[in-house]
Amino acid sequence: QVQLVESGGGLVQPGGSLRLSCAASGIIFSNYAMAWYRQAPGKQRELVAVISRGGSTNYTDSVKGRFTISRDNAKNTVYLQMNSLKPEDTAVYSCNARWVRNNYWGQGTQVTVSS
């Protein structure tokens, strides 16, 4: 059974930092490209960051220079370090694992940026 379990969300003030984690089980983690998506109320889900099997990364423009995606294949975990958070970063953040036709999602974790 495949599971992606996110953690690390919460309430943070503008300018603060959070680190999200996504622990995977039931898959050969190193085969998968991993990504973080987010969905704010009333908006479409958007891709935030992706890391390939080989460690190459890409980010949506609005988070470049503030967010960093990384992976630890020994721990079957992908991370999203979020710095200089803004109110517009408020959303449910979900982890995604993709390889060939396999596509799995976590349940999401809420990130709220507010003073």
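For region 55-60, take each phi angle, set θ = phi - 60°, evaluate the Karplus expression 6.51 cos²θ - 1.76 cosθ + 1.60, and give the result in whole Hz per residue in order, putting x for glycine and proline.
With the stated coefficients, region 55-60 comes to x, 5, 10, 9, 9, 5 Hz.
Residue by residue through region 101-112, what is 3J(HN,Hα) from phi via Karplus (6.51 cos²θ - 1.76 cosθ + 1.60, θ = phi - 60°)? Round to whole Hz and write x for glycine and proline.
Along region 101-112, the couplings run 9, 7, 8, 10, 10, x, 7, x, 9, 7, 10, 10 Hz.
Using a probe radius of 1.4 Å on heavy atoms only, what accessible surface per residue do you get for the chain? Whole Å² is fine. Could the numbers behind the result be given before it?
Working: 6180 Å² over 115 residues.
Value for the chain: 54 Å² per residue.
From the phi angles alone, apply the Karplus equation (6.51, -1.76, 1.60; θ = phi - 60°) to region 27-39 and give each ³J(HN,Hα) in whole Hz, x where the residue is Gly or Pro.
Result, rounded to whole Hz: 9, 7, 3, 5, 7, 9, 6, 10, 9, 10, 10, 9, 9.
Could you check how much of the accessible area of region 1-78 is carbon and sulfur, as a whole percent, using a 1.4 Å probe?
Values: 1900 of 4280 Å².
Heavy-atom surface of region 1-78 belonging to carbon and sulfur, 1.4 Å probe: 45 percent.
Calculate the length of the line joining the C-alpha centroid of region 96-111 to that of region 1-56, in whole Å.
Between the Cα centres of region 96-111 and region 1-56 lies a distance of 8 Å.
From largest to smallest, what semi-axes in whole angstrom does region 1-47 give when each is the square root of 5 times an eigenvalue of its alpha carbon gyration tensor? Intermediate results must be reported in sequence, preceding the final value.
Values: eigenvalues 119, 44, 20 Å².
Equivalent ellipsoid semi-axes, largest first: 24, 15, 10 Å.
Cα convex hull of the chain: mean projected area in nm², to one decimal? Present the calculation step by step, with values, prior to reporting the outcome.
Numbers: hull surface 27.3 nm².
If you wrap the Cα atoms of the chain in a convex hull and average its projections, you get 6.8 nm².
If you take every residue apart from Thr60 with its C-beta less than 10 Å away from the C-beta of Thr60, what net charge results, scoring Lys and Arg +1 and Asp and Glu -1? Don't jump to the answer; show the numbers that get you there.
Working: positive: Arg38, Lys64; negative: Glu46, Asp61.
Overall, the nearby charge balance is 0.
The values are calculated or read from the model by the stated rules, or taken from the named source; none is laboratory data. Everything numeric in this text was worked out from a predicted model, so none of it was measured. Please note: Cβ atoms are built from the backbone with ideal geometry, for glycine as well, and neighbour counts cover all protein chains shown. Remember, those area values only see protein heavy atoms, side chains included, never the ligands or the DNA or RNA. Shrake-Rupley method; radii C 1.70, N 1.55, O 1.52, S 1.80 Å.
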